[in-house]
Each structure stands twice: as structure tokens, then as C-alpha cells.
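First the structure, in the form of C-alpha cells, and then the observations on it.
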Amino acid sequence: MKVKTALAEELVRTFIAIELPPELKTALGSFQNSLSIPTQAVKWVNPESMHLTIKFLGDTQLGQISNIIKGLEKAAQVCSSFSLCTNRIGAFPSLSSPKIIWLGLEGEIEKLNTLFAEVEKNISGLGFPAEQREFAPHLTLGRLRESASKIDLQTAAETLKTTPPVPKTSFKATHIHLFKSQLLPAGPIYTKLAKISLA
């Protein structure tokens with residue numbers, strides 16, 4: 001038991017992401033409030049916690065953190081900063097059967113894809129396998145609750161289908177971050193472990 005406990009203490013949940021500017025977080029919060037989805041049907045993401053995920057690493061050995069940061073520094077050296085803009089609302093698996101509500105992005109997507117590829121290349125050798133699914137950059141707004149009634153889910157689907165055009169808000173990505181994630185009953189807490197400038 002002591003060995004298992006010690007091992008557990010060496011693990012932290014981590015992910016790689018781009019932090020969003022305060023003005024965008026405010027705009028996303030206002031957009032959440034404009035959606036007429038029953039509160040009992042959806043758990044909105046706190047705007048202050050929103051980010052653009054590049055790669056979720058999951059349980060990570062503390063001893064690997066420095067190697068991950070070195071990998072991210074290598075990736076950042078060949079990736080310049082870029083601009084993105086919110087453009088449309090979407091849902092996984094679909095707008096007709098929403099489970100996760102998100103906003104899509106447009107702008108310098110090729111540069112974002114290059115950053116993703118470089119991160120994958122420099123992290124995969126550390127025991128974090130490359131993603132099998134195509135990279136689909138998005139900003140998560142909320143998740144439909146498992147306890148939501150069929151009527152509430154239908155209301156959510158109809159609301160998403162008839163939502164007015166999303167206000168476009170631009171932002172510039174100049175850094176990538178390594179975050180630690182702590183899952184708590186009140187919601188996740190994200191702690192920044194590293195901030196790395198793009199070229």
C-alpha cells in the first residue's frame with residue numbers, strides 16, 4: 001500500500017493548451033448567457049477556465065514534467081505566433097444530439113495545425129502516443145448533463161440549431177502552456193506549470 005500511495009503522489013493530470021485573453025473569456029461568458037438552454041440540462045464551463053486544448057496528456061509522472069517542457073520548447077522554436085477568431089457554434093456528436101457544446105475557430109488554422117504536429121512530434125517519444133483522431137480545435141462552452149430529460153435535450157438541440165450568428169472575437173496566440181488539472185466537486189482547477197513563447 002505504501003508503494004501504491006507513493007506512486008499516486010508522483011502523478012498529476014496535465015494538458016497542453018493556449019490560454020485565452022480576458023476579453024475573449026468575457027465574450028464567451030456573455031454568449032453562454034445568451035443561449036436559452038435550461039440550466040438543469042447543461043453544465044457550463046467557467047469562462048475563467050476556458051482554454052484552447054492542444055493535447056491532453058492525462059496522468060503524468062512528476063519526473064517527466066521537465067522533459068515535456070523541453071519538448072514544448074523545441075516545438076515552439078519552429079512555430080510563430082498566429083491569430084484566430086471564433087466563428088460558429090457546434091456540438092459533439094452533432095447539433096441534433098448534443099453532448100458537448102463548443103465554438104469553432106477560423107483564421108491562421110494552418111499555423112495552429114503546425115503547432116499541434118510539432119507538439120505531437122516532440123511529446124510522443126515521452127510515452128504520450130500520438131492522437132488517432134484528426135485534430136479538431138475548438139473552445140468548449142458546456143456539457144449536457146446525463147440527468148437531463150429528453151425534453152430538455154430537445155430544447156437544447158433546437159436552441160443550438162437556431163442560434164444567431166456567433167459574435168466574432170479575434171485573439172492572438174503567442175504562447176503555449178503546460179497545465180496541471182485538479183478535478184474537484186466544485187469544478188476543475190488549472191495550475192500553470194510552464195509558459196513557453198512561440199517563435
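The values are calculated or read from the model by the stated rules, or taken from the named source; none is laboratory data. Since the model is a prediction, treat every value here as computed from it, not as a measurement. So basically every Cβ, Gly included, is an ideal-geometry build from the backbone, and we count neighbours across all protein chains shown.
Points worth noting:
- Qualifying position, being of a type in the set (Val, Ile, Thr), free of Cβ contacts under 8 Å to residues at least 12 places away in the same chain and farther than 15 Å from residue 56 by Cα, among 162, 174, 114, 169: 162
- Qualifying residue in segment 77-84 (condition: farther than 26 Å from residue 129 by Cα and of a type in the set (Ser, Thr, Tyr)): yes
- The strands (runs of 3 or more DSSP E) found wholly in segment 31-144 and carrying at least 1 residues that are over 20 Å from residue 188 (Cβ atoms) occupy 51-61, 82-93, 98-107.
- Segment 146-199, residues that are in contact with a strand residue (DSSP E or B) (Cβ under 6 Å, 6 or more places away or on another chain), assigned to a loop (DSSP other than H, G, I, E, B) and among the charged types (D, E, K, R): 168
- Within segment 70-84, tally of residues that are surrounded by 15 or more Cβ atoms within 10 Å (Cβ to Cβ) and in contact (Cβ under 8 Å) with a residue 60 or more places away in the chain: 7
- Candidates 65, 109, 101 - the one that is more than 25 Å from residue 151 (Cα to Cα) and either touching a Ser or Thr at 6+ places or on another chain (Cβ under 8 Å) or surrounded by 15 or more Cβ atoms within 10 Å (Cβ to Cβ) (or both): 65
- Filter result for residue 53 (within 27 Å of residue 169 (Cβ to Cβ) and modelled with pLDDT under 95): no
- Screening residue 176 with (1) more than 21 Å from residue 87 (Cβ to Cβ); (2) surrounded by fewer than 12 Cβ atoms within 10 Å (Cβ to Cβ); (3) not aromatic (Phe, Trp, Tyr) gives one miss only, at (2).
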